[in-house]
1. Name, by its number, the condition in (1) over 28 Å from Leu38 (Cβ atoms); (2) within 21 Å of the chain's Cα centre (by Cα) that does not hold for Leu326.
2. Tell me which residues, restricted to region 119-149, are assigned to a loop (DSSP other than H, G, I, E, B), modelled with pLDDT of 95 or more and surrounded by 14 or more Cβ atoms within 10 Å (Cβ to Cβ).
3. Just the residues that are among the polar types (S, T, N, Q) and either part of a strand (DSSP E or B) or open to solvent by 30 Å² or more (accessible area, probe 1.4 Å) (or both), please, taken from region 67-84.
4. Look at region 50-66 and say how many of its residues are hydrophobic (A, V, I, L, M, F, W, C) and open to solvent by 50 Å² or more (accessible area, probe 1.4 Å).
5. Give Thr219, Thr166, Thr195 a once-over and let me know the one that is of a type in the set (Ser, Thr, Tyr) and open to solvent by less than 20 Å² (accessible area, probe 1.4 Å).
6. Is there a residue being over 23 Å from Thr94 (Cβ atoms), touching a Lys or Arg at 6+ places or on another chain (Cβ under 8 Å) and without any contact (Cβ under 8 Å) to a residue 60 or more places away in the chain anywhere in region 158-165?
7. Looking at region 301-320, is at least one residue in contact (Cβ under 8 Å) with a residue 12 or more places away in the chain, in a helix (DSSP H, G or I), out of contact with any His (no Cβ under 7 Å at 6 or more places or on another chain) and among the basic types (Lys, Arg)?
8. Among the residues that make up region 38-53, is at least one of them at pLDDT below 90 and over 26 Å from the mean Cα position of the chain (by Cα)?
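The values are calculated or read from the model by the stated rules, or taken from the named source; none is laboratory data. Here the structure is a predicted model, which means the values were calculated and not measured. Here the Cβ positions follow ideal geometry from the backbone for every residue, glycine too, while neighbour counts run over all protein chains shown. These accessible areas exclude ligands, DNA and RNA; they are computed on the full protein's heavy atoms, side chains included. Shrake-Rupley method; radii C 1.70, N 1.55, O 1.52, S 1.80 Å.
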Amino acid sequence: MHELVKRPTATVLIGLLYLLLASSNSLGKDYSWPRQILFGSTEVGTAGYSLLVAWATEFTADTGVQVRISPGSTPTITGWLLEKRVEFTSAPLTVLVESLDGEPGYRPGPLRIAYPVFPLPWGLMVRGDSSYRRIQDIGPGARLAWPPFSYFHRILDGLLACRGLTRDQVRLVPVANYSANSRIIAEGGADIAFTSPVSDVNVEVEGNPRGIRWLAVPTPQEDRNCLQKWQRAYPLLRLIRPAEIGVQSARGVRMFVIPSVYYTRADVGEDLVYHLVKWLDEKHALYRDKHPFARFQSIESLLFIVENMGVPLHPGTVRYLEEKGLWTREMARKQETAVKLVDQYSTLYERAASLARARRIPVDPASEAWQRFWRDFLAQNRVPRFSEAWRP
């Protein structure tokens, strides 16, 4: 009788132990990472690329997971993400606007934000001997560096609106690329360039014999009307604070903050995103000294973005914030609004693409014919562009 009692008790204990282990695994205690994770990144030489390489090296050493990084232009890597060729991309938050607006080279899709890269300051750079010292000094005849990026054009149009000017009243100086946009200031070919002080090219440009200066974004007390017109031109000009990083000449100057982030898709597994975010936060000490900007890739930067902007987070990121007790009712409200809006434009784009194919119009993000069709489709359905509907 004694033996008969002992055997079932042992069986029950083994069963309970199995259930506890299974429960532990389901909570992610023994998460099984994939063999590799695929990232798209901005070009080699950018801060985003070098930071990704820096922490990925530590991540691989700690987890055994290989991180494969493919650099490219932001339209290219966004296409890779939506085509499921990579699981994540590292790019500025401007990509969200450009993609959902369907700007040339981009197409809308179910983008979600996983984690911050760093809060990137952006401002107006002039040469050290320039007569321009304040935004209010900009008037007719000013020469603006004009690179081939649509969001630069929209931000600079906002500057002109702030000053009560039109494109016809200033000189737009075409430049070939981002680096040329800065170098033309040192060369004297343009007076003002919109750029980021963290860029390597601006370290070079700061070293020119005449140096460089930065024009501070006005406070509401200094020029509320100007600031409101400028911010109305582009939705990502809401965050403003003195520059903490970048070239010395920019430190302490009030600038716009446009964060860089790690994007993913809505259909990427929640567990993968959750555990990647968890590793990036909990293992921050492993990589924070491996790159000059790694200290900003933190949970504090994530909260700065989420508390100040309505951005579409991935469910894995939300889950981690909830687990840490950092997720608030206001964040949930913003999240619901942002996700709904992003997915509406993704659905609209697919509907427009189906109509275009039926009419034998090539659905190519770089095609002028497609761009016209997309704009007409939004107008006929009385739908504003995403950048006009989204108020982060």
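1. (2)
2. Passing the criteria: Gly128, Ser130, Tyr132, Ile138, Ala142.
3. Scanning region 67-84 gives Ser70, Ser73, Thr74, Thr76.
4. Our first condition is that a residue be hydrophobic (A, V, I, L, M, F, W, C); within region 50-66, this holds for 51-56, 59, 61, 65.
Those left that are additionally open to solvent by 50 Å² or more (accessible area, probe 1.4 Å): 53, 61.
Number satisfying all stated conditions: 2.
5. Thr195 is the lone residue from the list that is of a type in the set (Ser, Thr, Tyr) and open to solvent by less than 20 Å² (accessible area, probe 1.4 Å).
6. no
7. Yes: region 301-320 contains one or more residues that are in contact (Cβ under 8 Å) with a residue 12 or more places away in the chain, in a helix (DSSP H, G or I), out of contact with any His (no Cβ under 7 Å at 6 or more places or on another chain) and among the basic types (Lys, Arg).
8. Among the residues of region 38-53, not one is at pLDDT below 90 and over 26 Å from the mean Cα position of the chain (by Cα), which makes the answer no.
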